[in-house]
Ligand code: FES
Ligand SMILES: [Fe+2]
């Protein structure tokens, strides 16, 4: 028998959604036999790769006495805790060795587990599935990790990121807030506050989210104007899906651009925006990826600076407003979250807050 001392886990009331995949690190951040630390939803993680490259994620805490496993040794097969040398197979978390045991001990080593998380690599990220219980490994298999949609065998792909000093909700509603564009993202190649015009778009419900129906993109954006060189009709489609993903797909005949922006909770008051984009447009152009990154980094930097300033305001807990229609997507996000949590609580199918196609109007 093992004696376990457990503190009662507190019900999470931090407004963070469990039961989803989150990107913990970029693939390139985990090399060889390094043990890397990461944090998701306030859970400290240790992430590494087994000898054949397969990524793993465990709670960065030894089940014996809480030593961070990231302080231990990893030989490509088992992680050895630095305190008493217990060894764990990191994909399953199963204990393989307790050096202090003698032939007199009855303890079944293989019944002891460190908390291992489902872990998959996709689009250059190491994704970790955070199940409903932060303390217990999940029972059963999670769905596959999210994948960026791509539409031809050859494409370029890039990834950018920025940390934001705020709760993930503020990052997410910033992500689908159409009205900040002309003020925050002023640039000759995007739009200026003088280019504001009235917009009308049809939104429709999709599982766990909503979609802006495919439409011709804003005439007031230079990026879309560039695509005009292909002489084909351009359509763009934007989706938001719980817990934190915004997909944008631009199609122009056989040419396409696809992006996914996720806002991932690191703790209750820090998050990270990860932008992953792939495309086959302008493939003839030299230095397309660094050039694209230059613009995208400037764009994300504008959001980052804005969120840093907003965080200063939010520190004093002001009351906030969400207005129609420009803030309707933000309201839907909160309603989707509430509906998701309610369906978890009752075990009933999720009641989608959006009944059918809805046209929203705003100026941006
Ligand atoms: S704390 Fe890890 S082996 Fe004791
Ligand atoms: Fe923005």
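The values are calculated or read from the model by the stated rules, or taken from the named source; none is laboratory data. Everything quoted here is computed from the prediction, not taken from an experiment. All Cβ positions, glycine included, derive from the backbone under ideal geometry; neighbour counts span all protein chains shown.
Return yes or no: is residue 159 buried (at least 17 other Cβ atoms within 10 Å of the Cβ) and modelled with pLDDT of 95 or more? First the steps, then the outcome.
Values: buried (at least 17 other Cβ atoms within 10 Å of the Cβ): yes; modelled with pLDDT of 95 or more: yes.
Criteria met by residue 159.
Which of the numbered conditions does residue 224 fail, given that it passes all the others? Conditions: (1) over 29 Å from residue 358 (Cβ atoms); (2) not in a strand (DSSP E or B).
Evaluating residue 224 over (1) over 29 Å from residue 358 (Cβ atoms); (2) not in a strand (DSSP E or B) leaves (1) as the failure.
For segment 275-314, which residues satisfy the criterion of being out of contact with any helix residue (DSSP H, G or I) (no Cβ under 9 Å at 6 or more places or on another chain), loosely packed, with under 12 Cβ neighbours inside 10 Å and not in a helix (DSSP H, G or I)?
Passing the criteria: 284, 286, 287.
Give segment 340-355 a look and list any residue that's surrounded by fewer than 16 Cβ atoms within 10 Å (Cβ to Cβ) and within 21 Å of the chain's Cα centre (by Cα), or say none.
Across segment 340-355, the qualifying residues are 341, 344.
For segment 191-209, indicate whether the set of residues that are under 17 Å from residue 296 (Cα atoms) and either within 20 Å of the chain's Cα centre (by Cα) or at pLDDT below 80 (or both) is non-empty.
yes
Considering only residues of segment 159-178 that are away from ligand 2 (no atom under 14 Å from the Cβ) and in a helix (DSSP H, G or I), which is nearest to residue 267 (Cα to Cα)?
168
For segment 62-105, how many residues meet the condition of being touching a residue at least 40 places away in the same chain (Cβ under 8 Å) and either out of contact with any helix residue (DSSP H, G or I) (no Cβ under 7 Å at 6 or more places or on another chain) or within 16 Å of ligand 2 (Cβ to nearest atom) (or both)? Give the derivation first.
Residues of segment 62-105 touching a residue at least 40 places away in the same chain (Cβ under 8 Å): 62-63, 69, 74-76, 79, 90-91, 93.
Now narrow it down to the ones that are either out of contact with any helix residue (DSSP H, G or I) (no Cβ under 7 Å at 6 or more places or on another chain) or within 16 Å of ligand 2 (Cβ to nearest atom) (or both): 63, 69, 74-76, 90-91, 93.
The total comes to 8.
Could you please tell me which pairs satisfy a Cβ distance under 7 Å, a separation of 6+ or placement on different chains, a first residue in segment 298-318 that is over 14 Å from residue 167 (Cβ atoms) and touching a residue at least 60 places away in the same chain (Cβ under 8 Å), and a second residue that is away from ligand 1 (no atom under 16 Å from the Cβ) and in a helix (DSSP H, G or I)?
Once the first residue is over 14 Å from residue 167 (Cβ atoms) and touching a residue at least 60 places away in the same chain (Cβ under 8 Å) and sits in segment 298-318, its partners that are away from ligand 1 (no atom under 16 Å from the Cβ) and in a helix (DSSP H, G or I) give 302/184; 303/174; 303/184; 306/184.
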